[in-house]
Number of protein chains: 2
Amino acid sequence: MKLYFSPLACSLATRIALYEAGAEAQFVEVDGKTKRTSDDSDFQRISGLGMVPVLVADDGRVLAENAAILPFVADRFPAAALAPTDPEGRTRLHQWLSFIGTELHKTIFVPLLDETAPEAVKAYALARAPKRLDWLATKLEGRSYLLDTPSVADAYLFAVLNWSAVTAIQLRNWPALAAYMKNLHARPAFARAFEEEKALWIAELQRRGQPLPAIAV
Amino acid sequence: MKLYFSPLACSLATRIALYEAGAEAQFVEVDGKTKRTSDDSDFQRISGLGMVPVLVADDGRVLAENAAILPFVADRFPAAALAPTDPEGRTRLHQWLSFIGTELHKTIFVPLLDETAPEAVKAYALARAPKRLDWLATKLEGRSYLLDTPSVADAYLFAVLNWSAVTAIQLRNWPALAAYMKNLHARPAFARAFEEEKALWIAELQRRGQPLPAIAV
């Protein structure tokens, strides 16, 4: 199994799932700007959209999209119980993966993280955050996980909410979200994946000669 | 089974799936602006996010998110074969539902359809269309459906690509997409759902005293 990732991109969620499962996997870094991979390939030829994550399964299938890759990894390593297998639980899992992907990842964070996005675009995205984060906070109030036990949906939400550190979104304004993130950071697989990719992200910024944000130092 | 929908919103996909399945269902219209329902309820109390589709299952469960509702409907009516049931097919289904939801629906069309979005926001969204539609067109070249047979993913893509008619996106620039849409329009369930919701959409515009776009007349 081979995961194409970029440091601290949403592909972090799949790394977390693989670490939670204790899975053997190869990790290939993709430069988000040049689209070159760390094993010297052109990522555009692997993924027509040029987007991480891409997972190459043991049988050679090339998978894309967090909401498909994450359940695939969970099913591949059932002992880790990273996704419900009953139909009702499965529907709840896909509700969360879809909410995170559509309402948080794409609606709020992609424009906020895009260095090329005009200010009006960032303002429009930022204005959409309170309603969605308020609602999410009510759902996470008094809970440690989105479902009853840790799942790949938590891995995805963790990867996405981590981005708030380099945006104008202050998670401490939503205590339920801050507590949820702190709890996940205490899980060894989440902490290891995050720290490893943070180091790779800093190295990438340094290679490019970009200034390090306060969060990185 | 009860579907909360707004005319020609993404909830159209679930109506199509229900018609394809020959399912009995109740349809409750939600005014996208006032959030009042046609049975005189406050939709915000049914869906905290105020977003259609919401599906109330026969057992009373309240489901949200296209990528969860559509597979749920497919599984509820297995004779219609609107979703693969094998793991590999299921992964492909979720790849498509995720791509449509994240890259087309939220990245391109939501800003283009939002009357309150500033021009810079619409321009940013429009600039993201060619890469995604080019890629999609290569995948649909010579194919009638996203998977091997008609599925709920086609219902979702149909609902989303229909919106191009009221945007600057000209589907005829992508012959594979135009042919795909024409083929789906020829399916009775798709045509019936579309024509019924188009009539409701025109009625909604007239109730509000809004001018009818050229496409509506």
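The values are calculated or read from the model by the stated rules, or taken from the named source; none is laboratory data. Keep in mind it's a predicted model, so treat the numbers as computed, not measured. Backbone-built Cβ (ideal geometry, glycine too); neighbour counts: all protein chains shown. These area figures cover heavy atoms from the full protein model, side chains too; ligands, DNA and RNA do not enter into them. Shrake-Rupley method; radii C 1.70, N 1.55, O 1.52, S 1.80 Å.
Descriptive notes on the structure:
- Within segment A:98-118, the set of residues being more than 8 Å from chain B (Cβ to nearest Cβ), open to solvent by 20 Å² or more (accessible area, probe 1.4 Å) and part of a helix (DSSP H, G or I) comprises A:Leu112, A:Leu113.
- Some residue of segment B:129-139 being away from chain A (no Cβ under 11 Å), within 15 Å of the chain's Cα centre (by Cα) and assigned to a helix (DSSP H, G or I): no
- Residues that are in a helix (DSSP H, G or I) and surrounded by 18 or more Cβ atoms within 10 Å (Cβ to Cβ) within segment A:158-174 comprise A:Phe158, A:Ala159, A:Val160, A:Leu161, A:Asn162, A:Trp163, A:Ser164, A:Leu171, listed in sequence order.
- Sole exception among (1) open to solvent by 60 Å² or more (accessible area, probe 1.4 Å); (2) of a type in the set (Lys, Arg); (3) under 25 Å from A:Val52 (Cα atoms) for B:Arg128, by number: (1)
- Meets criteria (more than 20 Å from the chain's Cα centre (by Cα) and surrounded by fewer than 20 Cβ atoms within 10 Å (Cβ to Cβ)) for A:Arg45: yes
- Scanning segment B:50-81 for residues that are surrounded by fewer than 16 Cβ atoms within 10 Å (Cβ to Cβ) and within 11 Å of another protein chain (Cβ to nearest Cβ) yields B:Asp59, B:Arg61, B:Val62, B:Asp75.
- Taken together, B:Leu146, B:Leu184, B:Leu205, B:Leu177 contain a single residue that is in a helix (DSSP H, G or I), in contact (Cβ under 8 Å) with a residue 40 or more places away in the chain and not small (Gly, Ala, Ser), which is B:Leu177.
- Filtered by the rule that a residue be open to solvent by 10 Å² or more (accessible area, probe 1.4 Å) and closer than 18 Å to A:Ile69 by Cβ, segment B:83-97 gives B:Pro84, B:Asp86, B:Pro87, B:Glu88, B:Arg90, B:Thr91, B:Arg92, B:His94, B:Gln95, B:Trp96.
- First in segment A:69-81 and farther than 16 Å from A:Pro53 by Cβ, second anywhere and among the acidic types (Asp, Glu) and part of a helix (DSSP H, G or I), Cβ under 8 Å, 6 or more apart: A:Ala80/A:Glu20
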